[in-house]
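**Q** Dropping the structure in here first, questions after.
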Amino acid sequence: MKEEKNSMVLEALVQAIPYVGGSLATIYFGRKQEKRFQRLERFYQELKDEIEIIGEQLPAISLHNPDELTAILEELHEKVETEHLEIKRKYYKEYFKNTLKQPVNGNFEERKLFLDILADLSPLQIELVIFLSKQSQPISIKNIRKPGIEQSLIIGSINRLKSYGIVETMLDSIVFGSVGNAINENVKISNFGLRFHLFCIDD
């Protein structure tokens, strides 16, 4: 509601620009709404096709808590409408399919948190979740590398995942030397992170 009000205020301000405001507002806000609708339309079309291919029986909607399911759907719609990245929309579909398979009833807080985390993670951070979910043992952070990506970005991404409780880090060693001191940490996916991965990412 607040976002819609802010959008209306912004549109009015753009329209107020002398000579070009009306045309500019029509082009920008018209296309913006059209793109949002197209994303949501495509999301549901792809979801329908995928569920038909799987041919899986879904639990009755009556098994969901209606208020909790409505709140999840409203937030999911907003995130799908505004998401520019195709890969993120793919994971929103996984989230929604698993929501239909496993009713929202008494587990709202975790489901809501899953959705908020998924919206906030970058593709690199999602890649790290996938990578760590495949490791049977903790791995040294300094050994996690990706071509073209600075190590500091990987470390920052792991710290973000840690702040959400998706990964756990443990001290491996402290090195003292003439070029400076270094703290070496190992990282592993947490139990919460595994649940997040299975629900939102693992297809």
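**Q** Kirkwood hydrodynamic radius, region 94-176, all distinct C-alpha pairs: what's the number in Å?
**A** 14.7 Å
**Q** At 0.36 nm per residue, minus the direct Cα-Cα distance, what do GLN151 and LYS90 gain on full extension? Give it in nm, one decimal, please.
**A** Once the chain is fully extended between GLN151 and LYS90, it gains 19.3 nm.
**Q** By how many nm would the segment from ASP67 to GLN33 grow when fully extended, if each residue of separation counts as 0.36 nm and the alpha-carbon distance is taken off?
**A** Using 0.36 nm per residue and subtracting the Cα-Cα distance, I get 9.6 nm.
**Q** Using the structure shown, select from LYS93/LYS142; LYS48/LYS79; LYS48/LYS101; LYS90/LYS112 the pairs with a Cα to Cα distance greater than 24 angstrom.
**A** Numbers: LYS93/LYS142 33 Å; LYS48/LYS79 19 Å; LYS48/LYS101 14 Å; LYS90/LYS112 18 Å.
From the list (LYS93/LYS142; LYS48/LYS79; LYS48/LYS101; LYS90/LYS112), the Cα-Cα distance tops 24 Å for LYS93/LYS142.
**Q** Between SER163 and ASN143, 0.36 nm times their residue separation minus their Cα-Cα distance comes to what?
**A** 5.1 nm
**Q** Let me ask something else. Residues of region 134-153 with amide nitrogen under 20 Å from the 7 Å Cα-to-Cβ point of LEU171?
**A** Of the residues in region 134-153, 138-143 have backbone N under 20 Å from the label point off LEU171.
**Q** Whenever you get a sec, compute what percent of the accessible area on region 65-175 sits on carbon and sulfur atoms (1.4 Å probe).
**A** 52 percent
**Q** SER136 versus ALA60, label points 7 Å from Cα toward the beta carbon: distance in nm?
**A** Going by the 7 Å Cα→Cβ label model, 4.4 nm.
**Q** Could I ask something else about it? Running Debye on region 69-114 with equal point scatterers at the Cα sites and no solvent, what base-10 log of I(q)/I(0) appears at q = 0.26, 0.29 Å⁻¹?
**A** -1.01, -1.18
**Q** So how strong a dipole does region 47-203 carry about its Cα centre when Lys and Arg Cβ are +1 and Asp and Glu Cβ are -1, to the nearest 20 debye? Don't skip to the answer; put the middle values down first.
**A** Numbers: 18 positive and 24 negative charges, 129 e Å.
Roughly 620 debye, rounded to the nearest 20.
The values are calculated or read from the model by the stated rules, or taken from the named source; none is laboratory data. The structure presented is a predicted model; accordingly, all values stated were derived computationally and were not measured. When we count neighbours, we look across all protein chains shown, and the Cβ atoms used for this are built from the backbone with ideal geometry, even at glycine. When the accessible area is computed, the model is the full protein with side chains, heavy atoms only, and any ligands, DNA or RNA have been set aside. Shrake-Rupley method; radii C 1.70, N 1.55, O 1.52, S 1.80 Å.
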